Amino acid sequence: AYEPFEAGSTNRRTWMLPLMREYLEQGNGERSIFFSTHNIADMESVTDYAVIMERGTVVEEGFVEDLKEKYILVKGEAEDLQKARDILFSISSNRYGFEGICLAENLEKLGGMDIVLETPTLSQISVAVMKANTSLKVAES
């Protein structure tokens, strides 16, 4: 389904999400629903495998729980922003601090910083991976 909730009111979401979950659960792992959507937040509750594309190219894919282990949401203090910029991608900041996505394998590079680690949402992972891929393509051009 392409943008299954695009025309969607809250009522449509409220009705469709449980229906999709039920359909998938009754299939004992043998049923799939394919989504092409920009509204990842709506799909996260019924998605177990994600393919993230940017400009027609697959830039990441995997089981959602595996992706949530591969990537970490990092929040830190403003004084650590410059050091964190070299490690995080899709970073946002204000005068109080920053947050961004980091590969779990790079967490040791954040040593010595006062940070909080959280599990990212699929939406946060998708945005970060797409931004990182877009900036790499722009830099290569």
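The values are calculated or read from the model by the stated rules, or taken from the named source; none is laboratory data. Predicted model only: the values in this text are computed from it and were never measured. Every residue, glycine as well, gets a Cβ built from its backbone with ideal geometry; the counts of neighbours run over all protein chains shown. Ligands, DNA and RNA are stripped out before the accessible areas are found, and what is left, the full protein with its side chains, is counted by its heavy atoms. Shrake-Rupley method; radii C 1.70, N 1.55, O 1.52, S 1.80 Å.
Being open to solvent by less than 30 Å² (accessible area, probe 1.4 Å), closer than 21 Å to Ile52 by Cα and assigned to a helix (DSSP H, G or I) is the filter here; which residues of the stretch 107-130 pass it? Those that are open to solvent by less than 30 Å² (accessible area, probe 1.4 Å), closer than 21 Å to Ile52 by Cα and assigned to a helix (DSSP H, G or I): Leu122, Ile125, Ser126, Ala128, Val129. Taking the criterion of being surrounded by fewer than 17 Cβ atoms within 10 Å (Cβ to Cβ) and touching a residue at least 40 places away in the same chain (Cβ under 8 Å), the only residue of the stretch 71-87 that qualifies is Lys75. State whether the residues of the stretch 85-103 include one that is assigned to a loop (DSSP other than H, G, I, E, B), among the acidic types (Asp, Glu) and either in contact with a Leu (Cβ under 8 Å, 6 or more places away or on another chain) or at pLDDT 90 or above (or both). No - not one qualifying residue is present in the stretch 85-103. Just one of the numbered conditions (1) modelled with pLDDT under 85; (2) assigned to a helix (DSSP H, G or I); (3) of a type in the set (D, E, K, R) is not true of Glu22: (1). Scanning the stretch 53-60 turns up at least one residue that is within 19 Å of Cys102 (Cβ to Cβ) and not charged (D, E, K, R). The residues of the stretch 88-106 that are open to solvent by less than 40 Å² (accessible area, probe 1.4 Å) and of a type in the set (Gly, Ala, Ser), listed by number, are Ser90, Gly97, Gly100, Ala104.
For the stretch 27-69, a residue qualifies if it is charged (D, E, K, R) and surrounded by 18 or more Cβ atoms within 10 Å (Cβ to Cβ), and the qualifying residues are Asp42, Glu60, Lys68.
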